[in-house]
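As structure tokens, the structure follows; a few thoughts come after it.
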Amino acid sequence: MVERIRRVVTGHDRDGKSIFIVDGKAPNILEMKSMPGVALTDLWRTKAAPASNSGNSDAAAGKIKLEPPENGTIVRIVEFPPDSTRPQSADGSAGFKAIGAGHVQDKRSSDPMMHKTSTVDYIIVLKGEIHAVMETGEKLLRAGDILVQRGTNHSWSVRSKEPCIVAAVLVSADPVDGGR
């Protein structure tokens, strides 16, 4: 069962005074059919830097994609299930394609979740624990820990019996290898 996240968003009224424009469960959730138990909840997106604070429309509405647009950002919650519940039929390739990111998967890796994005990601562990897996090494992250993931080839592994929930701020970045 996907954990529902309360999202509170501010804005401006017609007179330019600050108001709350949203207070409720975030509606933009994608449960990955090809990776059962993985769920993404987009909370907000920006399309440019500097970002625009005008208008009161829901910037998180629309299709969930792995990466933000060039010069954009995404704030999202990701729920990862325990590795022990991942079916053998889980398909990383189909999962990445479903979120517009078929190009990010490292097809040389035996780990179907190993991938590299053109982003700087600020990952904050909210609940549970998760291993951040690099090509060389891994680190166990627990609730309260923060990982700055800088466009590296990486994967995730939940080796406990409980799901892990992270907040992720994805910021568009130039790729290390020069190509997006």
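Aspartates and glutamates near K139 by alpha-carbon distance under 17 Å, same-chain residues fewer than 8 away left out - which ones?
Filter leaves D83, D111, D121, E129.
Tell me, how many Å apart are the Cα centres for segment 36-54 and for segment 85-144?
Cα centroid of segment 36-54 versus Cα centroid of segment 85-144: 19 Å apart.
Determine ³J(HN,Hα), in whole Hz, for all residues of segment 157-173 in sequence, where each value follows from phi through the Karplus function 6.51 cos²θ - 1.76 cosθ + 1.60 and θ = phi - 60°; x replaces Gly and Pro.
So the J values, rounded to whole Hz, are 9, 9, 9, 8, 8, 10, x, 10, 10, 10, 9, 10, 10, 9, 10, 3, 9.
Counting only heavy atoms of the protein chains, get the accessible area per residue of segment 75-142 (1.4 Å probe) and round it to a whole Å² value.
On a per-residue basis, segment 75-142 sits at 52 Å².
So what is the calculated 222 nm ellipticity per residue for the chain, using -39500 (n - 2.57) for each DSSP H run with n of 4 or more, over all residues, to the nearest 500 deg cm²/dmol?
Working: 1 runs with 7 residues, N = 180.
Calculated at 222 nm, the ellipticity per residue is -1000 deg cm²/dmol.
Give me, ordered by chain and number, the residues 5 or more places off H12 or on other chains with an amide H under 5 Å from its own placed amide H.
Counting only residues 5 or more places away or on other chains, the set is I19.
Could you list the trypsin sites (Lys or Arg not before Pro) in segment 73-179 that lie in coil according to DSSP, counting only those with at most 11 other Cβ atoms within 10 Å of their Cβ?
Sites meeting the loop and neighbour criteria: K107, R108, K161.
Take K47, K17, K33 and sort them by solvent-accessible surface of the protein heavy atoms, 1.4 Å probe, largest at the top.
So the residues, ranked largest to smallest area, are K33, K47, K17.
For a test of the definition: using alpha carbon positions, the gyration tensor, and the 1.5 limit on a/c, classify segment 104-180 as rounded, prolate or oblate. Kindly include the intermediate steps, with their values, before the conclusion.
Values: a/c = 2.39, a/b = 1.39, b/c = 1.71.
Because a/c hits 1.5 or more and a/b fails to exceed b/c, segment 104-180 counts as oblate.
Can you compute the equivalent ellipsoid semi-axes for the chain, i.e. the square root of 5 times each eigenvalue of the Cα gyration tensor, sorted largest first and rounded to whole Å? Intermediate values should be presented prior to the final figure.
On the way: eigenvalues 162, 74, 45 Å².
Value: 28, 19, 15 Å, ordered largest first.
If segment 42-84 were replaced by its equivalent ellipsoid, with semi-axes equal to the square roots of 5 times the Cα gyration tensor eigenvalues, what would those be, largest first, whole Å? Before the final figure, lay out the partial values.
Numbers: eigenvalues 123, 28, 13 Å².
Result for segment 42-84: semi-axes of 25, 12, 8 Å.
Along its three principal axes, how long is segment 1-81 when you only count alpha carbons? Whole Å, largest extent first please.
46, 29, 15
A59's amide H: which non-local residues (gap 5+, or another chain) put their own amide H closer than 5 Å, with H modeled 1.01 Å from N in plane and none for Pro or chain starts?
R45
The values are calculated or read from the model by the stated rules, or taken from the named source; none is laboratory data. In this text the structure is predicted, and so the values were computed from the model without any measurement. Note that each Cβ is placed from the backbone with ideal geometry, even for glycine, and that neighbours are counted across all protein chains shown. Heads up: the accessible areas ignore ligands, DNA and RNA and are worked out on the full protein's heavy atoms, side chains in. Shrake-Rupley method; radii C 1.70, N 1.55, O 1.52, S 1.80 Å.
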